[in-house]
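The values are calculated or read from the model by the stated rules, or taken from the named source; none is laboratory data. Predicted model only: the values in this text are computed from it and were never measured. We place every Cβ from the backbone using ideal geometry, glycine too, and count neighbours over all the protein chains shown.
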Amino acid sequence: MIGLNHFLIFSGTLFCIGLFGALSKRNAIAILMGLELMLNAVNINLVAFARYVTTGILTGHVFAIFVIAVAAAEVAVGLALIVAIYRARISVNVEDFDWLKW
Amino acid sequence: MDVNLSLLSIEIATVVLALGVLIIGLLVPKEQKYGLGYLVTIGLAIILFVSFSFYGINTKMFDGMYIIDDYSVFFKQLFLISATLVTLAATLYVKKIGTNYGEFFIMIVFATLGMMILSSAGDLITLYLALETMTISFYILTGFRKGDSKSIEAAVKYLILGALSSGVLLFGLSLVYGMTGTTVISEVALKIGEMASMPPALVVGVVFLVGGFGFKISAVPFQMWSPDVYEGAPTPVTAFLAVGSKAAAFAVLMRVFLIAFPDFSAQWRVLFAALAALTIIVGNLVAIPQTNIKRMLAYSSIAQAGYIMTGVVAANTAGVKGVAFYGMLYVFATIGAFTVVMNFSANTGSDEIKDYAGLAQRSPLLAAVLTVCLLSMAGIPPLAGFAGKFYLFSSIVSQGYLWLVIIGLLMSMASVYYYLSVAKVMYMADPQDDTPIIVPAGAKATLLITMAVTVFLGVYPQPLSVLANMAAKALFF
């Protein structure tokens, strides 16, 4: 029987993979993908909690939908900025972004 | 269900202002778009005056999701004042950016809207949405100088680290929701009060919240983004980022921690005390060797966040009052200093401290305002920063955090060194090029207002102190 703990372990693992990807990748697009994994881990959390903790109340679902919408907005801005920096540097490698002292 | 929408009139007016300017911006010819900045300033000033009538309402809307109380009104006024001053000061600087003049001001208004909702958020979902409204507007504003790759680079760094911290914060919020079964902040506290023991997942959630908020207020060790972003962003944006985003994060942080988690305040107070001590020490010490004035001000604002955090450590009415009071002073001092920086760089194209040599001869006003603002940040009496630090430190001294006060005082003394070395360059050194610096009327008004308020509140802090006290009491009501 699959219970709440399975979902939490799954989302915790997914969050860690996303965090590791965001911190270790050098390509800015790959970093954004890592960030998306983190947010999706949160969504799994929210929906699992809505199912097992507050059965019948949809707060968790609503929260997850808002997270998806905001994540889309964030990625839209992120990709626009990456396109802009690619024009200036011909690179999306974060190690090349060294005009400011990191 | 009855909803009294007039309680939301400040927020609605802000949205209408932003969308209205967006449409007007499409209609006016390109060479007349410079008027839009003044339109936004006037609009924000009118909203600011209207907001005074919202004191004393203290009510909740939408089943506690949205809170209108003196606390939120105080912070809304703080954001409106900073947005008004920044838009007033920014005209010449934004003219140099050239394109998309109207959109720049609209994004500032949207960021202000996010902050205002953040200070009123009574629910974790509202909190998250408001936080992202503010932050995404700031990502765009940071990268506004499309042609300048420093600005774009700062925006990319801000976006990556900001989204990372949002993810961490959100994971914390989801755990809090899962362990308590509610997202309304005041109900979270009730549910926690009913629990026999603390579930470990909730503790993890709270630690994640500290990390996420710590990033937004640029507390050490989450501060690594702020010097780069402050240096690369257009200077008016840096000013607004330094005051607005930080004050908004503090406003919501205090609501979440003091209202939702009072039952284990012993644990998170120690955590915040350690963060505050680290932030004060690192911020001040790293500011000393900086040669770029925006970077120096970035580290100084990290240190200021550390001082403000001592009010969170106090976790009582006096502490919240200290935070509200200091937050307001910090607005005037920071915007004054950054207005000098933006006008100096609009004239000379430089942000290096050594180029400020002999500024007192080139523009006595700029030199005087910068000196007053920096000394106020250092906490020299009779300027306002002294009264602010007094309220903050006196709120924790009786609670066994004397060591934190001593660190704060010692580091304030250290900060006088780097603040005064800027003053020394401006007054003692001879200018390499003595052409006078042109300051437009709007920026002049901002400079005079910030200097006058900083001096006035230092001599006579009573009115602001009464307001801050009212705000602090409303939070615990």
**Asked** Being charged (D, E, K, R) and surrounded by 15 or more Cβ atoms within 10 Å (Cβ to Cβ), is that true of even one residue in the stretch A:12-25?
**Response** yes
**Prompt:** Within the stretch B:42-54, is even one residue small (G, A, S), modelled with pLDDT under 90 and under 20 Å from B:V184 (Cα atoms)?
**Reply:** no
**Message:** Which pairs turn up if I take residues in the stretch B:405-418 that are at positive phi and look for partners that are part of a helix (DSSP H, G or I) and aliphatic (A, V, I, L, M) with beta carbon separation below 6 Å, at least 6 apart in sequence or on another chain?
**Reply:** none
**Item:** Those residues of the stretch A:78-95 which are closer than 14 Å to A:A30 by Cα and not hydrophobic (A, V, I, L, M, F, W, C), in sequence order
**Value:** A:G78, A:S91, A:N93, A:E95
**Asked** What tally of residues in the stretch B:162-198 results from selecting those that are facing chain A (nearest Cβ under 9 Å) and either among the small types (G, A, S) or part of a helix (DSSP H, G or I) (or both)?
**Response** 16
**Fill in**
Residue hits (the stretch B:182-206; farther than 16 Å from B:R255 by Cβ and either surrounded by fewer than 17 Cβ atoms within 10 Å (Cβ to Cβ) or more than 32 Å from the chain's Cα centre (by Cα) (or both)) are B:K191, B:G193, B:E194, B:M195, B:A196, B:S197, B:M198, B:P199, B:P200, B:A201, B:V203, B:V204
**Message:** What's the total number of residues in the stretch B:1-18 that are free of Cβ contacts under 8 Å to residues at least 60 places away in the same chain and either hydroxyl-bearing (S, T, Y) or within 18 Å of B:I106 (Cβ to Cβ) (or both)?
**Reply:** 5
**Prompt:** B:T317: more than 27 Å from B:A89 (Cβ to Cβ), out of contact with any Cys (no Cβ under 7 Å at 6 or more places or on another chain) and among the β-branched types (V, I, T), yes or no?
**Reply:** yes
**Prompt:** Based on what the data block shows, is B:M224 of a type outside the set (S, T, N, Q), in contact with a Pro (Cβ under 6 Å, 6 or more places away or on another chain) and within 13 Å of chain A (Cβ to nearest Cβ)?
**Reply:** no
**Fill in**
Among helices (runs of 4 or more DSSP H) completely within the stretch B:7-125, the ones holding 1 or more residues that are under 26 Å from B:L169 (Cα atoms) are B:9-27, B:70-97, B:101-120
**Filtered residues of the stretch B:149-161 (kept if farther than 12 Å from B:A233 by Cα and more than 7 Å from every other protein chain (Cβ to nearest Cβ))** = B:L161
**Top-ranked residue in the stretch B:135-147 [being more than 7 Å from chain A (Cβ to nearest Cβ) and in contact (Cβ under 8 Å) with a residue 40 or more places away in the chain; ranked as farthest from the chain's Cα centre (by Cα)]** = B:R145
**Prompt:** Which condition breaks for B:V237 when tested against (1) surrounded by 24 or more Cβ atoms within 10 Å (Cβ to Cβ); (2) more than 21 Å from the chain's Cα centre (by Cα); (3) at pLDDT 90 or above?
**Reply:** (2)
**Asked** Considering B:V282, B:V229, which residue is crowded, with 18+ Cβ neighbours inside 10 Å, among the β-branched types (V, I, T), assigned to a helix (DSSP H, G or I) and within 14 Å of another protein chain (Cβ to nearest Cβ)?
**Response** B:V229
**Asked** Just one of B:V372, B:V331 is more than 16 Å from B:V243 (Cα to Cα), surrounded by 24 or more Cβ atoms within 10 Å (Cβ to Cβ) and modelled with pLDDT of 90 or more; which is it?
**Response** B:V372
**Request:** From A:T13, A:T54, grab the single residue that is at pLDDT below 90, over 17 Å from B:Y128 (Cα atoms) and not aromatic (F, W, Y).
**Result:** A:T54
**Prompt:** Can you name every residue in the stretch A:33-79 that is closer than 30 Å to B:I152 by Cβ and within 8 Å of another protein chain (Cβ to nearest Cβ)?
**Reply:** A:L35, A:M38, A:L39, A:A41, A:V42, A:F66, A:V67, A:V70, A:A73, A:E74, A:V77, A:G78
